[in-house]
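Here's the structure we're looking at; comments come further down.
The values are calculated or read from the model by the stated rules, or taken from the named source; none is laboratory data. Just so it is clear, the structure is predicted and the values come from calculations on it, not from any experiment. A quick note on method: Cβ atoms are made from the backbone with ideal geometry, for glycine too, and the neighbour counts reach across all protein chains shown. What goes into the accessible areas is simple: the full protein's heavy atoms, side chains included, and nothing from ligands, DNA or RNA. Shrake-Rupley method; radii C 1.70, N 1.55, O 1.52, S 1.80 Å.
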Amino acid sequence: TNVLFLRIKDPNSPGLKPSKSDIGSTDSGNGEISSGKSSMSNLAKILERYSLGIPVIDQTGLINNFEFKIAWNANEKTVGTRYPDYPNLDGLKQALIDQLGLELVPDIAPVEMLVVERMKR
């Protein structure tokens, strides 16, 4: 199926810092994602929610926890897709590159998923 791989684009990005916190907290909402202590696999799960249901798979190779904050203009609409009313996915992708040195790379990969079909009465 279609997937987005989360990968490192700039390993020297200052926006992604090793966490100094003992307690994990992650917040996400209207155009902002921040964390005091989060793994990249957790970030991938958060990003999946913003990516139209396309699975996001962590391929950063980073195993430690990090603190970060990214912001983008979620009020702009995604242009040129079949989801014109969806929050600015292109802005999110660019914010990941500019602010954290990470990128979302589209690809196709095997993914296990549960498919539930609604039965008509």
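Numbers at a glance
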read-out: Residues (touching an Asp or Glu at 6+ places or on another chain (Cβ under 8 Å) and part of a loop (DSSP other than H, G, I, E, B)) located in the stretch 95-121; value: GLY101
read-out: Filtered residues of the stretch 24-41 (kept if surrounded by 13 or more Cβ atoms within 10 Å (Cβ to Cβ) and more than 15 Å from GLY61 (Cβ to Cβ)); value: GLY24, THR26, SER28, GLY31, GLU32, ILE33, SER34, SER35, GLY36, LYS37, SER38
read-out: Within the stretch 42-54, considering residues that are open to solvent by 30 Å² or more (accessible area, probe 1.4 Å) and part of a loop (DSSP other than H, G, I, E, B), the one nearest to ALA71 (Cα to Cα); value: LEU52
read-out: Subset of the stretch 15-47 (residues that are more than 18 Å from GLN99 (Cα to Cα) and at pLDDT below 90); value: LYS20, SER21, ASP22, ILE23, GLY24, SER25
read-out: Residue list for the stretch 1-23, restricted to those being open to solvent by 50 Å² or more (accessible area, probe 1.4 Å) and in contact (Cβ under 8 Å) with a residue 40 or more places away in the chain; value: THR1, ASN2, ARG7, ILE8, LYS9, ASP10, PRO11, ASN12, LYS17, PRO18, LYS20
read-out: The stretch 55-69 - residue that is within 15 Å of GLU103 (Cα to Cα) and not in a strand (DSSP E or B) and, of those, most open to solvent (accessible area, probe 1.4 Å); value: GLN59
